[in-house]
Amino acid sequence: MIAYLDGKLAYKDPTYVIIDVSGVGYLVKISLQTYAALHNTGERCKLHTLLIVREDSHTLFGFYDAAEKELFEDLIGVSGIGPSTAIIMLSSLSSSEIKQAIVSEDVRVIQSIKGIGLKTAQRAIIELKDKLKKEALAGGVTPNIFAPANAALRSEALTALVTLGIQRAAAEKSIDTILKREGNDITLEQLIKLALR
């Protein structure tokens, strides 16, 4: 229905963005891959989109490149993987890592993502392995590196994890453990990815 949005990036968060297209603000859910690829607010951007219509909501999902959107569509086609779980998968691992794990039948890697159990990981491999083998493996997205103050970094990561459906107490514990180990040199994307594992 809405193939893409081309407009000004009005607001940017690790889990969603607002794109201003001719004075209309579209709220679009995104993965960390897309977050890392987007530039600063106020700049023009284009997102490939997919509108998911449910009884109680119309949710727009956005992707920086078409390959990520195609993988998202493949993932939500697997029984047991909904749009929220697919976004968590695309936030935990790069598109190429997910494709590689599925093609090489690495259940452990798929299962390492929060919310993915053994049966779901096996189902994803069985249903997508042959299709992904035919496609060329795409390269990963280079993360956008910045070093905000520890408190701000912790707060943003916590908000993103809670928005993704992780319980607040578990998210706080995970973030604190990672920050103690990694220090201030970690980016927001890396922190969230590590917390999702």
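Figures for the structure shown
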{"item": "Contact order normalised by residue count of the stretch 1-144, Cα under 8 Å, 6+ apart, percent", "result": "20"}
{"item": "Selected from Gly183, Ser22, Ser57, residue furthest toward positive end of dipole (the chain; charges at beta carbon)", "result": "Gly183"}
{"item": "Within the stretch 61-83, backbone nitrogen closer than 17 Å to the virtual label 7 Å beyond the Cα of Lys131 toward Cβ", "result": "66-83"}
{"item": "Relative contact order [Cα under 8 Å, 6+ residues apart], the stretch 52-134, whole percent", "result": "24"}
{"item": "Overall dimensions of the stretch 1-137 as given by Cα atoms, namely Rg and Dmax in Å", "result": "15.2, 46"}
{"item": "Among 96-106, 161-171, the order from most to least packed when residues are scored by Cβ within 10 Å on average", "result": "96-106, 161-171"}
{"item": "Estimated [θ] at 222 nm from DSSP helical runs (n ≥ 4, -39500 (n - 2.57)) normalised by residues in the chain, nearest 500", "result": "-14500 deg cm²/dmol"}
{"item": "Dipole magnitude of the stretch 32-81 about its Cα centre (Cβ charges: Lys, Arg +1; Asp, Glu -1), debye to nearest 20", "result": "180"}
{"item": "Cross-link partners of Lys99 among lysines (Cα-Cα below 18 Å; sequence separation of 8 or more within a chain)", "result": "Lys69, Lys114, Lys119, Lys129, Lys131, Lys133, Lys134, Lys193"}
{"item": "Cα-based shape type of the stretch 1-71, given that a ≥ b ≥ c are square roots of the gyration tensor eigenvalues and the cut on a/c is 1.5", "result": "oblate"}
{"item": "Net charge dipole size for the chain [Lys, Arg +1 and Asp, Glu -1 on Cβ; Debye, nearest 20]", "result": "380"}
{"item": "GNM result for the chain, Cα springs below 10 Å: residue of Thr177, Thr187, Thr34 fluctuating most strongly", "result": "Thr177"}
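Each reported figure results from applying straightforward, stated rules to the coordinates on display, with no laboratory input. Just so we're clear, the structure is a prediction, and the values are computed from it rather than from any experiment. Using ideal geometry, Cβ is built from the backbone for each residue, glycine included, and neighbour counts are taken over all protein chains shown.
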